[in-house]
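Just so it is clear, none of the values below were taken in a lab; they were calculated from the coordinates. Every value quoted in this text rests on a predicted model; they were computed, and no experiment measured them. Please note: Cβ atoms are built from the backbone with ideal geometry, for glycine as well, and neighbour counts cover all protein chains shown.
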Amino acid sequence: MSDTAAATAQDVPALEVRALTVKFAGLTALDAVDFTVAPGTVHAVIGPNGAGKSTCFNVLSGVYRATSGSVRFGAHELTGEPPHRIAARGIARTFQNLALPPRATVADSLLLGRHRLTRTGFVAAGLRLPQAVREEARHRERVREIAAFVGIEEHLAKPAGSLPYGLQKLAELARALCMEPRLLLLDEPVAGMTADERRRTAAVIAGVRDSLGISIVLVEHDMGMVMRLADSVTVLDFGKRIADGTPAAVQNDPAVVRAYLGQSEESA
Ligand SMILES: Nc1ncnc2c1ncn2[C@@H]1O[C@H](COP(=O)(O)OP(=O)(O)O)[C@@H](O)[C@H]1O
Ligand SMILES: [Mg+2]
């Protein structure tokens, strides 16, 4: 990435998940789960269908409330905070399904990602007040840098909905980066992608960690992706943590092998 875009994330603290429990009417979706995301690392949360991955993601982003337990980001307790407060702490997320407005241009969608960073606000910008016009120009420049970093710069003027699926997913990743996050939450970022799009997305995610120093929580089904990218992995099965460690260690863990075999028997 270019030097100008290398605004390395400042003061990225650890994310500490402790005894996190989520119950839905009798079903325990997460059962006293612990893990730590070290600053500037990619931490994968994996597991068979129904393991509790999306539930975990939704608690981290404030969409679901924890029944008990804690999620700390540095000095801040996140459980109980609504999504906009969590976003304001520098935690950005992408969605498993595409969430960009299809008719808006990619550039405008990314600019919306910078909303929390704008001082004059979009009303002032709409009125074309001079200070707001200058600020908008600055934000548009940063949007262009981030789009270049993700590799979608040439598509900025197009409607997001006109792009192929893989590029739309990359545009969504760019939108999250436009919030200048310290922690990025990615829910199955390569689901539905071609092999080529997967490789490209993996390279972008590695670049986010290596060039920007941002921490990443990756909820992922694709084992190959996890093995290539993750620094550490937490494996869930039926809401319980069954393994935690480096990708190589968890891959050979008998409990993990059993959990994934059980799944392939089910779906066979
Ligand atoms: N909003 C909800 N209401 C009731 N049950 C839910 C809800 N969300 C998830 N669950 C249940 O919690 C368990 C874990 O689901 P989920 O977190 O989506 O798993 P994964 O993402 O690993 O496939 C499943 O049994 C699922 O049916
Ligand atoms: Mg899920």
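In degrees from 0 to 90, rounded to the nearest 10, what is the angle of the helix 165-177 Cα long axis to the longest principal axis of the chain?
So the inclination is approximately 80 degrees.
Applying a 10 Å radius around every beta-carbon, put 38-45, 160-167 in order of their mean neighbour count, most first.
On the way: 38-45: 21.0, 160-167: 16.4.
Final packing ranking: 38-45, 160-167.
Work out, step by step, the length gained on full extension between Thr194 and Thr21: first 0.36 nm times the residue separation, then minus their alpha carbon distance; give nm to one decimal.
Full-extension gain reported as 58.8 nm.
Assuming 0.36 nm per residue, please report the length gained on full extension of the stretch Glu153 to Ala14 beyond their Cα-Cα distance.
Using 0.36 nm per residue and subtracting the Cα-Cα distance, I get 46.9 nm.
Considering Cα pairs under 8 angstrom that are at least six residues apart, work out the relative contact order of the chain and quote it in whole percent.
Computed value for the chain: 29 percent relative contact order.
To the nearest 10 degrees, how steeply does helix 254-267 sit against the main Cα axis of the chain, on a 0 to 90 scale?
Once rounded, one gets 80 degrees.
Separation between the Ala203 and Ala32 pseudo-spin-labels, each 7 Å from Cα along Cα→Cβ, expressed in nm?
According to this spin-label approximation, the distance is 4.6 nm.
By how many degrees, between 0 and 90 and to the nearest 10, does the Cα long axis of helix 130-150 differ from the longest principal axis of the chain?
Compared with the principal axis, the helix lies near 40 degrees.
Taking the Cβ-Cβ separation of Asn252 and Arg134 as r and a Förster radius of 41 Å, what is the calculated FRET efficiency to the nearest 0.05?
0.15
Out of the DSSP beta bridges found with both residues in the stretch 130-259, what percent are antiparallel (nearest 5)?
50 percent
Shape call for the chain from the C-alpha gyration tensor, a ≥ b ≥ c root eigenvalues: rounded (a/c under 1.5), prolate (a/b greater than b/c) or oblate?
Numbers: a/c = 1.98, a/b = 1.58, b/c = 1.25.
The shape class here is prolate.
Find the centroid of the Cα atoms in the stretch 177-200 and in the stretch 10-44, then give the distance between the two in whole Å.
When both Cα centres are located, 19 Å separates them.
Please list, or write none, the aspartates and glutamates whose alpha carbon is within less than 18 Å of the alpha carbon of Lys158, excluding same-chain residues fewer than 8 places away.
Asp108, Glu141, Glu145, Glu172
Classify the stretch 75-224 as rounded, prolate or oblate, taking a ≥ b ≥ c as the square roots of the eigenvalues of its Cα gyration tensor: rounded when a/c is under 1.5, otherwise prolate if a/b is larger than b/c and oblate if not.
Oblate is the answer for the stretch 75-224, as a/c is 1.5 or above yet b/c matches or exceeds a/b.
Stretch Tyr165-Arg65 to full length: gain in nm at 0.36 nm per residue minus the Cα-Cα span?
32.9 nm
Is the C-alpha gyration tensor of the stretch 187-268 telling us rounded, prolate or oblate? Criteria: a/c under 1.5 is rounded; beyond that, a/b larger than b/c is prolate, otherwise oblate.
Judged from the Cα gyration tensor, the stretch 187-268 comes out oblate (a/c at least 1.5, b/c at or above a/b).
Points 7 angstrom from Cα along the Cβ direction at His115 and His221: gap in nanometres?
2.9 nm
Can you figure out the FRET efficiency of Arg228 with His84, using R₀ = 25 Å and their beta-carbon distance, to the nearest 0.05?
Efficiency, from the Cβ-Cβ distance: 0.15.
From the phi angles alone, apply the Karplus equation (6.51, -1.76, 1.60; θ = phi - 60°) to the stretch 196-209 and give each ³J(HN,Hα) in whole Hz, x where the residue is Gly or Pro.
5, 5, 4, 4, 5, 5, 4, 5, 5, 5, 4, x, 4, 5
Of the DSSP beta bridges with both residues in the chain, give the percent that are antiparallel, rounding to the nearest 5.
Values: 20 of 36 bridges.
About 55 percent, rounded to the nearest 5.
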